[in-house]
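> Take a look at the following structure, please.
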């Protein structure tokens, strides 16, 4: 066989497709192996969550009490009604105040607790349990306790009276000027433990050599906290901001169980207002419209916080 024929034979063989299980790989590409595992969750998400959102959106265009068949359609009238509803705007204002105060307080307390318990503290495990226990307590169980503590004859006023601060005794839950502050203090007490756990875990990812180098260079505890620890846990802070923002928009159990939105709507939130306008008042269509607005606001806040966190992370790099 000549050299030219050998070269030609090699070229022909190189053009012949090889059987390397291409059919199986093609099937894997078209039908990933993990699909059967996610189908139940996907079906539940589409069938429950997205169907519920669609149904709520359809109900928001109706004048409906939730019981009568064939309710009349009112188009966007329910959404226009929101613009002139003072209680809605008051509830939205309370939500914003609630988010700012609760986020700042929980961030500060959670970070301080995490820093302290990352140092050499005796009985650290005991302190961790004490801080985290409120997170696992059901608000329905604690609501009667909080009503008793903050009542006119409750333990708060009793302590103030016995330490010479009787002039500060007030009907904390019965007046508009203090009731919202009480609700926020309960929320801070209940969920600071979750903030602490997330910060504690984030601090565990910081290289100890970096902290040791800072101390060798003469950086004090405050300087180390501000210049090293705080930037390193920025991602956790952004995640907590998103969780707190969405949680604030969905706040229902604590204000409803402790004050029922009163007095005089001073602790009314979007969640409590939706329930009260939909169920007791029987304006399901209007309540559905507020729910859609709540969903849009929650998604907008989540996107803005996420974008802000990425922008700051990019600047740090």
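What follows draws every value from the coordinates through simple rules; no lab data is involved. All of these numbers come straight from a predicted model, not from anything done at the bench. Using ideal geometry, Cβ is built from the backbone for each residue, glycine included, and neighbour counts are taken over all protein chains shown.
> Let me test this: with uniform point scatterers at the alpha carbons of the range 124-196, what is the Debye-based log₁₀ I(q)/I(0) at q = 0.22, 0.26 1/Å?
Log10 I(q)/I(0), no solvent term: -1.00, -1.12.
> Another question, then. How long are the three semi-axes of the equivalent ellipsoid of the range 183-235, in whole Å, if each is the root of 5 times an eigenvalue of the C-alpha gyration tensor, listed from largest down? Don't jump to the answer; show the numbers that get you there.
Numbers: eigenvalues 153, 30, 12 Å².
Equivalent ellipsoid of the range 183-235: 28, 12, 8 Å, largest first.
> I've got another one for you. Mind pulling the angle between the C-alpha long axis of helix 284-316 and the longest principal axis of the chain? Nearest 10 degrees, somewhere in 0 to 90.
60
> Between residue 295 and residue 260, what is 0.36 nm times their sequence separation minus the Cα-Cα distance? Round to one decimal in nm.
Net length gain for the segment: 10.4 nm.
> While we're looking at this one, here's another question. How are the C-alpha pair distances of the range 45-140 spread across 10 Å bins, as whole percents from the shortest bin up?
It works out to 11, 21, 24, 20, 14, 8, 2, in whole percents.
> Using Cα-Cα distances under 8 Å and only pairs 6 or more residues apart, what relative contact order does the chain have, in percent?
Working: 302 pairs, mean separation 85.1, N = 317.
Value for the chain: 27 percent.
> Given the options 55, 200, 256, state which has the largest fluctuation in a GNM of the chain using a 10 Å cut-off (strictly under) for Cα springs.
Among 55, 200, 256, the largest mean-square fluctuation in the Gaussian network model of the chain belongs to 55.
> If I fit a long axis through the Cα atoms of helix 176-203 and take the longest principal axis of the Cα atoms of the chain, what angle between them do I get, 0 to 90°, rounded to 10?
Around 30 degrees separate the two axes.
> Then there's this: Alpha carbons only, please: Rg and Dmax for the range 226-280, in angstrom.
16.3, 53
> Okay, moving on. Extending each Cα 7 Å along its Cβ direction at residue 148 and residue 169, get the distance between those two points in nm, one decimal.
1.9
> While we're on this one: Please compute the Cα-Cα pair-distance distribution of the chain with 10 Å bins starting at 0, giving whole percents from short to long.
Calculated over all Cα pairs of the chain, the distribution is 5, 17, 22, 21, 15, 8, 5, 3, 2, 1, 0, 0 percent.
> Based on the alpha carbon coordinates of the range 130-255, what radius of gyration and maximum Cα-Cα distance (Dmax) apply, in Å?
Over the range 130-255's Cα set, Rg and Dmax evaluate to 19.6, 55 Å.
> How many nm separate the modelled label positions at residue 108 and residue 53, each set 7 Å beyond the Cα in the direction of the Cβ?
So the two model labels end up 3.6 nm from each other.
> Same structure, new question: Helix-only estimate, please: 222 nm mean residue ellipticity of the chain, summing -39500 (n - 2.57) across DSSP H runs of length 4 or more and dividing by its residues, to the nearest 500. Could you put the intermediate results ahead of the total?
Working: 16 runs with 214 residues, N = 317.
One gets -21500 deg cm²/dmol as the mean residue ellipticity at 222 nm.
> In degrees between 0 and 90, to the nearest 10, how far off the longest principal axis of the chain does helix 139-149 point, with axes built from Cα atoms?
Relative to the chain, helix 139-149 is tipped by roughly 30 degrees.
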